[in-house]
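Below is one structure, written out as structure tokens; comments come after it.
The values are calculated or read from the model by the stated rules, or taken from the named source; none is laboratory data. Not measured: the values here are computed from a predicted model. FYI the Cβ positions are ideal-geometry reconstructions off the backbone, even for glycines, and counts take in every protein chain you see.
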Amino acid sequence: MRWVVSIFSAIVVTFLLTMFGVKSFNTYERHRDGRKTHPLEILSSSDRIDIAHLLGEDTGRKRPQLPKLEELPRLQVPERVSSGFVQLEISVAADGRVSDAVVVGATAPEEQIERVRAEVLGQRFDPTLVDGHPIPSVRTEIVDVTWTSGD
């Protein structure tokens, strides 16, 4: 029950503050004949000329003309550059050659994934050493890829 009284009190206080604000800023100002005031009017062309004449300005002169805009060259839009990654599980032989590269995850398009996979298959890595001897191993590599819209 207390919350109903609180809400009602809040509504009454808000209403009274709003009415006080409206009255203090003369929002309801009216003419004696009951019309609302209009502090701003848009003048017609003839009214503007009459005012110019009353101000002593030369009404016979023409309005200034804007110069013609020269034709601008077409905007050169650069190619869109995108980026992503390709995550590979690489099998490295004991001699450091890559024997297999399996794509585990990627955010790049298929062409970029195949390009990265082909490059990785042609590379050599330092083999994993156990007791000073190279052994075959599997490692995960993440390759960052950048390409343009024309690729």
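Screening segment 81-97 for residues that are surrounded by fewer than 19 Cβ atoms within 10 Å (Cβ to Cβ) and aliphatic (A, V, I, L, M) and picking the one that is farthest from the chain's Cα centre (by Cα) gives 94.
Quick check on my filter: what residues within segment 68-106 are β-branched (Val, Ile, Thr), in a strand (DSSP E or B) and either touching a Gly at 6+ places or on another chain (Cβ under 9 Å) or more than 23 Å from residue 133 (Cβ to Cβ) (or both)?
81, 86, 98, 102, 103, 104
Pick from segment 123-151 the residues that are among the polar types (S, T, N, Q) and within 9 Å of residue 92 (Cβ to Cβ): which of them is modelled with the lowest pLDDT? Filtering first and then ranking leaves 128. Being at pLDDT 85 or above, charged (D, E, K, R) and closer than 30 Å to residue 149 by Cβ is true of residue 117. Within segment 133-150, being of a type in the set (Ser, Thr, Tyr) and in a strand (DSSP E or B) holds for 137, 140, 146, 148.
Tell me yes or no: at least one residue of segment 124-132 is at positive phi and either surrounded by fewer than 16 Cβ atoms within 10 Å (Cβ to Cβ) or in a strand (DSSP E or B) (or both). Looking for residues that are at positive phi and either surrounded by fewer than 16 Cβ atoms within 10 Å (Cβ to Cβ) or in a strand (DSSP E or B) (or both), one finds at least one in segment 124-132, hence yes. Whether a residue is assigned to a strand (DSSP E or B) and within 30 Å of residue 79 (Cα to Cα) was assessed, and residue 111 does not pass this test.
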